[in-house]
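Student: Input: one structure, supplied below.
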Amino acid sequence: MVVSLGRWVSLFVVPLLRLLLAGVFRQAGHDPYHSTFSIKPYYDFIIVGGGSAGSVLAARLSEVSNWRVLLLEAGGPPPLESYVPGLSLTFYLPSDNSWEYPITPQKHSHKSYIGRSARLLQGRVLGGSSTIGGLLYIRGSKQDYDQWPALGNPGWDYLSVLPYFKKSEDYRGTQQGESEMYHGRGGPMPVSPTSKISTLSKAFLQAGQQLGYSVIDPNGSDQIGFAPSYYTILDGIRRSAAEDFLRPAASRPNLHIVHSATVHKVVMNKNKRAVGVHFMYHGKMMHVMVLREVIMSAGTLSSPKLLMLSGIGAKHHLYQHGVPVVADLPGVGQNLQDHLNVHGLTWTVPSGALNMPDAFVTFKKYLQSRRGIFSEPLGEKTSAWVKVVNTPGREDDNWPDVQCHVITPHMAFDWGLITPETVGLDRSKYFEYYGPILGKEGFTMECHILRPKSRGSVTLRSRDAKDLPVINPNFLSHSDDLTTLISGVKFLLTLGNASALATNLGATFHDKHLPGCERETYSSDAYWGCYIRHMANSYLHPAGTCKMAPADDPSRVVDYRLRVYGVSGLRVVDASIMPVIVSGNTNGPVIMIAEKAADTIKEDWGILKKL
């Protein structure tokens, strides 16, 4: 019964929440993304995937009134609970609104997880992960984008992409002084600085200052420092790519949105040109042709799968699954990167020290006024970007290598009722480690690696489009990643000893030996390396599997205009094109990529509309 508690909550509690919310939101009772149209046999553009990238592309391309645009999304419209920022944690429960991709058993990590595996959750809904994820808006460092042209991708440097970040943004904070030039105002996507700085967040920020760090705008000129959260929220309601881009465009007669439709493959003609797609809709296989381009925006894990099912990938792998080869591109599905996060480092505090509000009272307040703690994600998400490993001879001191967070509640807050199941931890190991602090008041501090050197892969499980791909992130396969995370953990311990946390809040670190690491001397580098290999897990930011690269790169998939090599009429536009992952949450960067791609497509088809 305990094991199925998360599914029980999903089956019974979430529907009750929807009943409560039905009288609060205008979104209740109708589907604004669906019009009464018949699917046409031809479209100028077919966009595969209605997530962050697909929603932006559909809105921007349909601005050209004589272009007919079809958007195909496997999931449905946003559920009511997705509009409530404080219910964002329901994303981790079993749901039809998310893909639950299992990863292969990991050789170097996940030792405390069942089967040395875990779930990679991604949005399966209009708006994608922007509809059900954590709402954080972080762009990454300017060095991330300057690295892309250095790898052979012109036009992707920071100064070139900044206008596209600003184009989509409607910054709702006060004037930022020198940082104001990095923000956009009046764009379709509201970005709001947190309206609440809790007791714990204040202490976390103060602890950073005690260590010599400044409080910064993480989307400004420099990213080293500590910062409160920036959210895609407006007036207490989540703003997703579906709400901000797709909803305003949905009434256009030249845009057809078909959700709950699963694409099986892109159809290629004998000239290796994309001419249409096959997709399943209402139990029926359908075929639609395209006059100009198919745009793959299915995400880092599904875009390479669909390319391979369409005959584009490593020829030996396609032969293995009986898929006819259209273009031999060995890079398809390779170069998988993710932000690996160290979970579970926990501090307890005296009862009442964090001034935690009553959740039931504040939820009632939210239903009445859309204010209170449910107007933002529950718990803390105050962050720090720091450089913990110094490389002699390199001048990148302003380029962080880890991102750290203070988080409530901690992993033992619920007495182990749901957390082990939703995270995937071995229950016996969980209770052995967290037993002394079950239900106690406290917080967690985490860090994840921003620029991993480990590389994984996405490959076909079979030629059946209904089968999920085989995903091997290959976490910690490069030893430098472990070294960086060990330094990150040591930074967190130093931060936890700062007087703002240790003295003012009375925070005490839970220093019990982790099961499986008893042979290592406690608090040594070897011990923390063991801890990381047991407890680290994905931060759910997969990227890089359709790498943007020049023609002489053997791992290339798309060129700098995001056109797939070896074929025509086909582009990829999502996080999979990142040659190197960015130093922050990926939703904002993906929206930027789609904004830039939309202008690129317009330029390539003679619609000269530049920023």
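Student: Between region 70-131 and region 345-378, how many Å separate their Cα centres?
Tutor: If we compute the Cα centre of each part, the gap is 24 Å.
Student: I'd like the Karplus ³J(HN,Hα) series for region 90-107: coefficients 6.51, -1.76, 1.60, θ = phi - 60°, whole numbers in Hz, and an x wherever there's a Gly or Pro.
Tutor: 5, 4, 7, 7, x, 7, 6, 8, 9, 7, 10, 7, x, 9, 5, x, 8, 6
Student: Among the aspartates and glutamates, which have Cα under 16 Å from the Cα of Lys596 when same-chain residues fewer than 8 positions away are ignored?
Tutor: Within the straight-line cut-off, Lys596 pairs with Glu63, Asp146, Asp157, Glu169, Asp559, Asp574, Asp604.
Student: Under 5 Å between amide hydrogens, which residues at least 5 positions from Ser538 or on another chain qualify, with H placed 1.01 Å from N in the peptide plane?
Tutor: Distant-sequence amide H within range of Ser538: Asn341.
Student: Here's another thing I want to ask about it. Using modelled backbone amide H atoms (1.01 Å from N, in-plane), which distant-in-sequence or interchain residues come within less than 5 Å of Ser310's amide H?
Tutor: The answer is Val266.
Student: If you take the charge dipole of the chain about its Cα centre, with +1 on Lys and Arg Cβ and -1 on Asp and Glu Cβ, which of Ile233, Gly177, His278 is farthest toward its positive end?
Tutor: The Cα lying farthest towards the positive end belongs to His278.
Student: Additional query: Tally Lys and Arg at +1 and Asp and Glu at -1 over the other residues with C-beta under 13 Å from the C-beta of Thr262: what net charge comes out? Mind dumping the intermediate values first?
Tutor: On the way: positive: Arg124, Lys265, Lys284, Lys305, Lys466; negative: Glu73, Asp96, Asp464, Asp467.
Its environment carries a net charge of +1.
Student: Here are a few candidate values for Cα Rg over 2.2 N^0.38 Å: [x] 0.93; [y] 1.25; [z] 1.48. Which one was actually calculated from the structure I just gave you?
Tutor: For Cα Rg over 2.2 N^0.38 Å, the calculated option is [x].
Student: Between Asn355 and Asp511, what is the spin-label point distance in nm, taking each point 7 Å from the Cα along the Cα→C-beta axis?
Tutor: Modelled inter-label distance: 3.0 nm.
Student: Taking K and R as +1 and D and E as -1, what net charge do the other residues with C-beta under 9 Å from the C-beta of Val388 add up to? Mind dumping the intermediate values first?
Tutor: Values: positive: Lys387, Lys490; negative: Asp401.
Net of charged neighbours comes to +1.
Student: What lysines sit close enough to Lys364 to cross-link, taking a C-alpha to C-alpha distance under 21 Å and skipping anything fewer than 8 places away on the same chain?
Tutor: Answer for Lys364, where 21 Å is the Cα cut-off: Lys196, listed by chain and number.
Student: Lysine pairs, Cα distance under 24 Å, 8 or more residues apart or cross-chain: how many in region 439-556?
Tutor: Working: Lys440/Lys490; Lys440/Lys512; Lys453/Lys490; Lys453/Lys547; Lys490/Lys512.
Count of close lysine pairs: 5.
Student: Consider just the alpha-carbon atoms of region 20-121 and return their Rg together with their Dmax, both in angstrom.
Tutor: In Å, with Rg to one decimal and Dmax whole: 18.6, 55.
Student: Can you pull out the chymotrypsin sites (Phe, Trp or Tyr not before Pro) in region 341-404 whose DSSP state is coil and whose Cβ has at most 12 other Cβ atoms within 10 Å?
Tutor: Working: sites: Trp347, Phe360, Phe363, Tyr366, Phe374, Trp385; in loops: none.
Within region 341-404, no chymotrypsin sites (Phe, Trp or Tyr not before Pro) qualify (loop, at most 12 other Cβ atoms within 10 Å).
Student: Please identify the trypsin sites (Lys or Arg not before Pro) of region 126-224 that satisfy two criteria: DSSP loop assignment and at most 13 other Cβ atoms within 10 Å. Which are they?
Tutor: Values: sites: Arg139, Lys142, Lys166, Lys167, Arg172, Arg185, Lys196, Lys202; in loops: Arg139, Arg172, Arg185, Lys196.
Passing sites in region 126-224 are Arg185, Lys196.
Student: Radius of gyration and Dmax for region 546-611's Cα atoms, expressed in Å?
Tutor: For region 546-611, the Cα-based Rg and Dmax read 12.3, 34 Å.
Student: Same structure, new question: Given R₀ = 51 Å, FRET efficiency for Gln210-Ser65 by Cβ-Cβ distance, to 0.05? Intermediate results must be reported in sequence, preceding the final value.
Tutor: Details: r = 58 Å, r/R0 = 1.13.
Between Gln210 and Ser65 the formula returns 0.30.
Student: Another question, if that's okay. Are there any chymotrypsin sites (Phe, Trp or Tyr not before Pro) in region 500-571 that are in a DSSP loop and have at most 14 other Cβ atoms within 10 Å? List them by number. Write out the running numbers ahead of the final one.
Tutor: Details: sites: Phe509, Tyr522, Tyr527, Trp528, Tyr531, Tyr539, Tyr560, Tyr565; in loops: Tyr522, Tyr539, Tyr560, Tyr565.
Answer by residue number: Tyr522.
Student: Which listed residue (Ile197, Tyr92, His287) has the Cα farthest towards the positive end of the charge dipole for the chain, taking +1 on Lys and Arg C-beta and -1 on Asp and Glu C-beta about the Cα centre?
Tutor: His287
Student: Using square roots of five times the C-alpha gyration tensor eigenvalues, list the equivalent-ellipsoid semi-axes of region 382-508 in whole Å, biggest first.
Tutor: Square roots of five times the eigenvalues give 30, 27, 11 Å.
Student: Can you list the residues, at least 5 places off or on another chain, whose amide H is less than 5 Å from the amide H of Val290, using H built in the peptide plane?
Tutor: Tyr43, Gly276
Student: Got a sec to turn the phi values of region 247-264 into Karplus ³J(HN,Hα) couplings, 6.51 cos²θ - 1.76 cosθ + 1.60 with θ = phi - 60°, whole Hz, x for Gly and Pro?
Tutor: 4, x, 8, 4, 7, 5, x, 8, 10, 10, 10, 10, 9, 6, 10, 9, 6, 9
Student: What are the ³J(HN,Hα) couplings of region 168-184, residue after residue, when phi is run through the Karplus curve with 6.51, -1.76, 1.60 and θ = phi - 60°? Round to Hz, x for glycine and proline.
Tutor: 7, 8, 10, 5, 9, x, 6, 4, 9, x, 4, 7, 4, 5, 8, 10, x
Student: Follow-up question, since we're still on this one. If a cysteine in the chain has no other Cys Cβ under 4.7 Å from its own Cβ, put it on the list, ordered by number.
Tutor: Those would be Cys546, since no other cysteine Cβ in the chain comes under 4.7 Å of theirs.
Student: Relative contact order for the chain using alpha-carbon pairs under 8 Å, separation at least 6, rounded to a whole percent? Before the final figure, lay out the partial values.
Tutor: Details: 1426 pairs, mean separation 129.6, N = 611.
Relative contact order comes out at 21 percent.
Student: I'd like to know which of Thr521, Thr422, Ser454 lies farthest towards the positive end of the charge dipole of region 373-527, counting +1 on Cβ of Lys and Arg and -1 on Cβ of Asp and Glu.
Tutor: Ser454
Since every read-out is calculated from the coordinates, none of them should be taken as a lab result. Bear in mind that the values here come from a model prediction, so they are computed numbers and not experimental data. No Cβ is skipped: glycine too gets one built from the backbone with ideal geometry, and neighbour counts run over all protein chains shown.
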